[in-house]
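Trainee: Okay, handing you the structure first.
The values are calculated or read from the model by the stated rules, or taken from the named source; none is laboratory data. A quick note: this is a predicted structure, and the numbers were derived from the prediction, not measured. Cβ placement follows ideal geometry from the backbone for every residue including glycine, while neighbour counts extend to all protein chains displayed. These accessible areas exclude ligands, DNA and RNA; they are computed on the full protein's heavy atoms, side chains included. Shrake-Rupley method; radii C 1.70, N 1.55, O 1.52, S 1.80 Å.
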Amino acid sequence: MEERPYRSASGAPIALRRRQHSASCRELAVRCPRLQLRSLSAVTSAVWLAAYGLFVLSENSMVLSAAIFITLIGLIIYLHFVKIDQESLLVIGSLGIQVTSSYASGKESTTFIEMGQVKDVVINEAIHMQKVIYYLCILLQDPGDPQGVSEVVPLFQSSKPRLDCLIEVYKSCQEILEQRKTAPQSS
Amino acid sequence: MVLKVFFPSCCSSAESGILIGRWILEQNSAVILAVVHFPFIPVQVKQYLSEVQRVTKVSVSVLGSWSNSKQEKEESLSEFLEDLGTIFSHEPWIQISKEGDSKFWSCSTLQKHSNNPKEEEIILVYYDQRKVMLSHLHPPLDTATSTDRRADDASKLSAIFDTVAKSKILFMTDRYDDGPIKLTHWQSDGVEASIIVELMKQASVPACMLLTFLLSLISGICRSRVLKFWPLSFLWSKLSTCEQLGHRLQHLQVISSNKKAQTQTQLMRKANVFVSLLIDVALGILLMSWLYRKNRIGHLADTLIPVADHVAEELQDLLQWLMGAPAGLKMNRALDQVLGRFFLYHIHLWISYIHLMSPFIEMILWYVGLSACLGLTVALCILSDIIALLTFHIYCFYVYGARLYCLKIYGLSSLWRLFRGKKWNVLRQRVDSCSYDLDQLFIGTLLFTILLFLLPTTALYYLVFTLLRLLVVIVQGLIHLLVDLIDSLPLYSIILRLCRSYRLAAGVKFRVLEQQDGKPLRLLMQINPLSYGSVVQTYRLPTYSCYPKDSWSSLCKKLFLGELIYPWKHKGEKQD
C-alpha cells in the first residue's frame with residue numbers, strides 16, 4: 001500500500017493511494033482536497049453579516065434565527081450531498097469494476113459495473129472553458145454491436161487529477177484488464 | 001481463469017459436510033446454496049437433488065466439500081473428502097476448509113480432466129442469503145426494454161439472484177425435519193413465517209369475493225341505460241369527479257381480482273394501488289372529520305353566497321370600468337354600451353339564480369361533503385367542480401367574447417383580401433386573385449372600415465375575459481395536478497425502499513475483507529439499493545389525464561385568432 005501526493009486540475013493537493021489485495025484485485029483511491037476552514041468561515045460570516053444588516057433595517061429578530069437555521073441546514077446539505085471526500089476505484093479481475101464516492105458526512109455512493117460490460121478504460125481529453133483537461137473513463141460495451149460503445153462513464157470527476165496521476169491509475173487498471181484477454185476462454 | 005465461489009455467510013459456522021449449489025459454467029462461478037451434513041447416503045442425496053431440480057428448474061448439484069474442524073486438519077478426513085469427489089463427480093471439485101475460529105479459509109480445487117496444470121486463483125465472495133433471496137434486481141431502463149437477450153448474455157448478477165430466489169423450496173427443510181438429509185442454510189434454524197401475514201392471506205379470499213360482487217353491482221348500475229341519456233351523459237363527461245370515481249373503481253377492480261400476481265411488477269402495482277387507496281380514504285376521512293367538527297361546513301356554506309356576490313360585484317365594477325374609458329383608451333360608445341349592458345344583465349341573472357339557490361346550499365354542501373369519505377382526491381375533484389360551477393358566468397362571457405372576436409377577425413381578414421383584390425378559394429385551399437364589381441368593392445370597403453374601427457372595443461372585452469378564464473383554468477389545473485400526484489405516487493414502493501431497502505436492488509457492491517497471503521481473496525457482496533428517483537419512476541401508477549396538448553406557440557396562435565381553447569384534455573375524450 002502506498003500513498004503519493006499529486007495535484008488536481010485546479011492546483012489543489014490530492015493524494016493517490018494504491019492497494020493490491022491479490023493478483024487480480026486492486027484498489028485505487030484518490031483523496032480530494034479537504035474543506036478549508038477559511039472558506040467555511042468566510043461564507044458563514046458573509047451570511048451572518050447580511051442577516052445582521054437586514055435585522056438593522058427591519059427590526060425583526062426572526063431574521064437572525066432564520067440566518068442561523070439557513071447556515072446550519074446549508075452546511076449539512078453541502079456535507080451530505082456536495083462535498084466528496086474520496087473517490088475510489090476497485091478493479092476485481094473477472095468480476096467487475098466498482099466506483100465509490102464517499103462524501104464528507106460519511107455517505108457512500110457506489111456503482112458496480114460487471115466485467116462483461118466493460119470494453120476498456122481510457123484517458124480522454126475534454127475542453128472545459130479555456131482549458132484542456134484529461135479524465136479517465138470506462139467505455140461500456142454495446143450489446144448489439146461488438147465494436148460499438150454504448151456509454152462512457154467518467155471517473156474521478158470531483159477530484160480531477162492531472163495527467164501524471166491518471167497515467168498511474170490507467171497502468172494499474174490495464175494490468176488487470178489484460179488478464180482477461182490472456183485467460184483461456186471457458187467453453 | 002479465476003474461479004468465483006459465492007458462499008452464504010450463514011453457513012460459516014456449519015458442521016463439516018458437502019456443498020450443494022449451482023455451477024455456472026460460462027462465468028466459472030459456483031453459487032453455494034446449502035451444506036449437507038454427515039451422515040448421508042449418496043444415493044439419497046442425488047435423489048433429493050434431482051427432486052429439487054425438477055421443482056425449481058435450477059440445476060442444483062453437489063459442488064464440493066466443506067470441513068470445519070476445531071483442531072488441526074486431520075489427514076484421514078481430508079482423504080475422505082477427496083474420495084467423496086469421486087462419488088459425486090463434478091468438475092471442478094471445490095474443497096473449502098476452516099480451522100478453529102480462523103477467518104481465513106483455505107480453498108482448493110481438484111481438476112481431474114483439465115489440461116491446465118496451473119493453480120487457478122480463487123475468489124471467495126460472501127453473500128447474505130436471505131437478503132439476496134428476497135431482493136429483486138432492477139436492470140437499467142435501457143436494457144430492460146430489449147427482450148431478445150439470450151440466457152448467457154444475461155448479466156452475471158441476475159443469474160446469481162435468480163438461482164437463490166428460485167431455490168425457495170430448498171430452504172423449506174429445517175433441522176427439525178426427520179428426513180434423511182440434514183441441511184444448513186439461512187432458514188435451517190426454523191422456517192420463518194408471520195401470523196399476521198398468514199391470517200391476512202386467509203381473510204383476503206372472502207374479502208376479494210365480496211368486493212368483486214359489490215363492484216359488479218356498481219358497474220352494472222353505472223352502465224345502465226338510464227344514465228346514458230343525453231343531458232346526463234354530457235354532465236358526467238364534464239365533471240371531473242366522475243372521472244376520478246371511475247379511475248378509483250378501476251383500481252378497486254385491480255385489487256379485488258382473484259388471480260395471484262405473476263410477476264414482481266404486478267405484485268408491486270397491486271400493493272401500490274392498495275396503499276394509495278388506503279391513504280387516500282384515510283386522508284379523506286380526516287378531512288371530513290375536520291370539516292364536520294364545529295360545524296365548519298355550515299360556516300363554509302354561509303360564506304359561499306357572499307363570496308359569489310363579491311365576485312359578481314367585482315365583475316360589475318370591471319364592466320363599468322370597460323364601459324367608461326379603460327386605461328385611457330377611447331372606446332366606441334355605442335358598441336361599448338351594448339356589450340356592457342348585455343354582460344351586466346347576464347350577471348344580474350346569475351346573481352338572482354344564486355340567491356334563489358341560497359336556502360338549499362347548506363344542505364347540498366352538507367351531503368356533498370359526506371362524499372369526502374371516498375377519498376381526498378374525490379374531495380379535491382369536487383372542489384374543482386364547485387369552482388367550475390361558480391365561475392360558469394366567466395366561462396360564458398369568455399365564449400361570447402371569443403366568438404364575437406373570432407367573427408370579427410375572420411370578417412376582417414376576408415375583407416382585407418377583397419380590399420387587395422384577392423379571394424380565398426375553398427376548393428383549392430389557397431388565395432386566388434378575383435375581379436370584383438364596383439359595388440362589391442364599395443360595400444366591402446365600407447364594411448371593412450366599420451369592422452376595423454370597432455376592433456379595439458371587441459378586442460379589449462375579449463382580452464379581459466380571456467385573462468379571467470385563464471386564471472380560473474390555472475386554479476383548476478393546480479388542483480388537478482395535486483390529484484394526479486396523489487393518484488400516481490407509489491407509496492408502498494417508497495416505504496419499502498425506506499424500511500427494507502434490500503428488496504429493491506439496483507445492483508451490488510463489494511467490500512474487500514481482511515486478506516492473508518496464500519489464502520483466496522475474500523470479498524463481501526452487499527446489495528446496492530435503488531435510488532428514490534428510480535423507485536418513483538419505475539413504479540409510477542398510470543393516471544387518466546394528460547398534460548396540455550397544445551404547445552405554447554399553437555396556444556398563442558389560437559388566442560390571437562379567437563378560437564376557443566380547452567387546455568386540459570383527458571385521455572379517451574374525442575378530439576373536436
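Trainee: Applying a 10 Å radius around every beta-carbon, put A:25-32, B:431-438 in order of their mean neighbour count, most first.
Mentor: Final packing ranking: A:25-32, B:431-438.
Trainee: Any idea what the dipole of region A:1-138 comes to, in debye rounded to 20, about its Cα centre with Lys/Arg Cβ at +1 and Asp/Glu Cβ at -1?
Mentor: Roughly 340 debye, rounded to the nearest 20.
Trainee: In the protein assembly as shown, how does Rg compare with the Kirkwood Rh, expressed as the Rg/Rh ratio over alpha carbon atoms?
Mentor: That ratio equals 1.10.
Trainee: Volume per residue, Å³, of the convex hull around the alpha-carbon atoms of chain B?
Mentor: Each residue corresponds to 284 Å³ of Cα convex hull volume.
Trainee: What percent does the relative contact order of region A:49-108 come to when contacts are Cα pairs within less than 8 Å and at least six residues apart?
Mentor: Here the relative contact order equals 25 percent.
Trainee: With a point put 7 Å past each Cα toward its Cβ, work out how far B:K259 is from B:L467 in nm, to one decimal.
Mentor: Distance between label points: 5.6 nm.
Trainee: Another question, if that's okay. Quick one: dipole size for the protein assembly as shown, taken about the Cα centre, charges +1 on Lys/Arg Cβ and -1 on Asp/Glu Cβ, in debye to the nearest 20.
Mentor: Dipole of the protein assembly as shown, to the nearest 20 debye: 2000 debye.
Trainee: Let me ask something else about it. Would you compute, from DSSP H runs of 4+ residues alone, the mean residue ellipticity of chain A at 222 nm, taking -39500 (n - 2.57) per run and dividing by the full residue count, rounded to the nearest 500?
Mentor: -10500 deg cm²/dmol
Trainee: May I pose another question? Calculate the spin-label point distance for B:Y395 paired with A:I113, positioning each point 7 Å from the Cα along the beta-carbon direction, and give it in nanometres.
Mentor: 5.5
Trainee: Another question, if that's okay. Give the carbon-plus-sulfur fraction of the accessible surface of region A:37-81 in %, rounded to a whole number; probe 1.4 Å, heavy atoms of protein chains only.
Mentor: Of the solvent-accessible surface of region A:37-81, carbon and sulfur hold 81 percent.
Trainee: Determine, at each q value in 0.25, 0.32 (inverse angstroms), the log₁₀ of I(q)/I(0) that the Debye formula gives when each Cα of region A:37-81 is one equal point scatterer.
Mentor: -0.86, -1.09
Trainee: Just to be sure I understand the interface: list residues from region A:140-170 that lose 20 Å² or more of accessible area between the chain on its own and the complete protein assembly, 1.4 Å probe.
Mentor: A:P143
Trainee: From the helices alone, meaning DSSP H stretches of at least four residues, give me the mean residue ellipticity at 222 nm for chain B, per-run term -39500 (n - 2.57), in deg cm²/dmol to the nearest 500.
Mentor: Helix contribution divided over all residues of chain B: -19000 deg cm²/dmol.
Trainee: Counting only C-alpha contacts under 8 Å and six or more residues apart, can you give the relative contact order of chain A as a whole percent?
Mentor: RCO, chain A: 19 percent.
Trainee: Further question: For chain B, with all protein chains present and a 1.4 Å probe, just round the carbon and sulfur fraction of the accessible area to a whole percent.
Mentor: 64
Trainee: Let me ask something else. Can you sort B:V60, B:V338 by solvent-accessible area, 1.4 Å probe, largest first?
Mentor: Of B:V60, B:V338, the descending order of accessible area is B:V338, B:V60.
Trainee: Determine, for chain A, the count of lysine pairs separated by eight or more sequence positions (or lying on different chains) whose alpha-carbon distance falls under 30 Å.
Mentor: Taking chain A as the scope, the lysine pair count is 16.
Trainee: Report the calculated FRET efficiency for B:K294 and B:D484 (r = Cβ-Cβ distance, R0 = 35 Å), to the nearest 0.05.
Mentor: 0.65
Trainee: When the dipole is taken about the Cα centre of region A:1-71, and only Lys, Arg (+1) and Asp, Glu (-1) are charged at their Cβ, what size is it in debye, to the nearest 20?
Mentor: Around 560 debye, computed over region A:1-71.
Trainee: Out of the total accessible area of region A:123-170 (probe 1.4 Å, heavy atoms of protein only), what percent is carbon and sulfur?
Mentor: 52
Trainee: Taking 60 Å as R0, compute the FRET efficiency from the Cβ-Cβ separation of B:L559 and B:S219 and round it to 0.05.
Mentor: With a Förster radius of 60 Å, E is 0.90.
Trainee: Tell me the per residue accessible area of the protein assembly as shown using a 1.4 Å probe; a whole number in Å² is fine.
Mentor: About 58 Å² of surface per residue is accessible.
Trainee: Just to verify a number: what accessible area does A:E3 come out at with the full protein assembly present, 1.4 Å probe, Å² rounded to tens?
Mentor: Using a 1.4 Å probe on the heavy atoms, I get roughly 100 Å².
Trainee: As I understand it, the dipole of chain B uses +1 on the Cβ of Lys and Arg and -1 on the Cβ of Asp and Glu, about the Cα centre. Which of B:M363, B:L530, B:Q44 lies farthest toward its positive end?
Mentor: Result: B:M363, furthest along the dipole toward the positive end.
Trainee: Further, regarding this structure: What aspartates and glutamates sit close enough to B:K509 to cross-link, taking a C-alpha to C-alpha distance under 18 Å and skipping anything fewer than 8 places away on the same chain?
Mentor: Cα-Cα hits under 18 Å: A:E27, A:E87, A:E108, A:E114, B:D128, B:D162.
Trainee: Placing +1 on the Cβ of each Lys and Arg and -1 on the Cβ of each Asp and Glu in region A:62-187, which of A:V91, A:M62, A:I76 has its Cα farthest towards the positive end of the resulting dipole?
Mentor: Farthest towards the positive pole: A:M62.
Trainee: Past the 19 angstrom mark, what percentage of all C-alpha to C-alpha distances in chain A do you count?
Mentor: 67
Trainee: Here is a further query. Using only protein heavy atoms and a 1.4 Å probe, report how much of B:T265 is accessible, in Å² to the nearest 10.
Mentor: Ignoring ligands and nucleic acids, B:T265 comes out at about 80 Å².
Trainee: Turning to a different aspect of this structure: What distance in nm separates the two pseudo spin-label positions at A:R19 and B:H355, each 7 Å out from Cα along the beta-carbon direction?
Mentor: That separation, rounded to one decimal, is 8.5 nm.
Trainee: For B:K182, give me every one of the lysines with a C-alpha distance below 21 angstrom, ignoring sequence neighbours fewer than eight places off in its own chain.
Mentor: Leaving aside lysines fewer than 8 places away in the same chain, those within reach of B:K182 are B:K46, B:K70, B:K98, B:K166, B:K168.
Trainee: Sticking with this one: List the DSSP H helices in chain B whose Cα atoms stretch 18 Å or more along the helix axis and whose mean Kyte-Doolittle hydropathy is at least 1.6.
Mentor: Span-like helices in chain B: B:195-222, B:376-390, B:438-488.
Trainee: Can you put A:I97, B:I443 in order of accessible area, largest first, using a 1.4 Å probe?
Mentor: Order by accessible area, largest first: B:I443, A:I97.
Trainee: Relative contact order, percent, of chain B when contacts are C-alpha pairs under 8 Å separated by at least 6 residues?
Mentor: In percent, rounded to a whole number, it is 15.
Trainee: So, one more: Calculated FRET efficiency, B:Q429 and B:E26, Cβ-Cβ r, R0 60 Å, to nearest 0.05?
Mentor: With R0 = 60 Å, the Cβ-Cβ based efficiency is 0.40.
Trainee: Going toward the positive end of the dipole of region B:374-439, with +1 on Lys and Arg Cβ and -1 on Asp and Glu Cβ, which of B:W416, B:Y436, B:T377 do you reach last?
Mentor: B:Y436
Trainee: Any chance you could list the semi-axes, whole Å, largest first, of the equivalent ellipsoid that the Cα gyration tensor gives for region B:154-309, using √(5λ)?
Mentor: 49, 22, 17
Trainee: With a 1.4 Å probe on protein heavy atoms only, work out how much accessible surface A and B bury together, total over both chains, in Å² to the nearest 100.
Mentor: Using a 1.4 Å probe on protein heavy atoms, the buried area is about 1800 Å².
Trainee: Which aspartates and glutamates have a Cα less than 14 Å from the Cα of B:K238, not counting those fewer than 8 places away in the same chain?
Mentor: Here the aspartates and glutamates satisfying the reach criterion relative to B:K238 are B:D385, B:E573.
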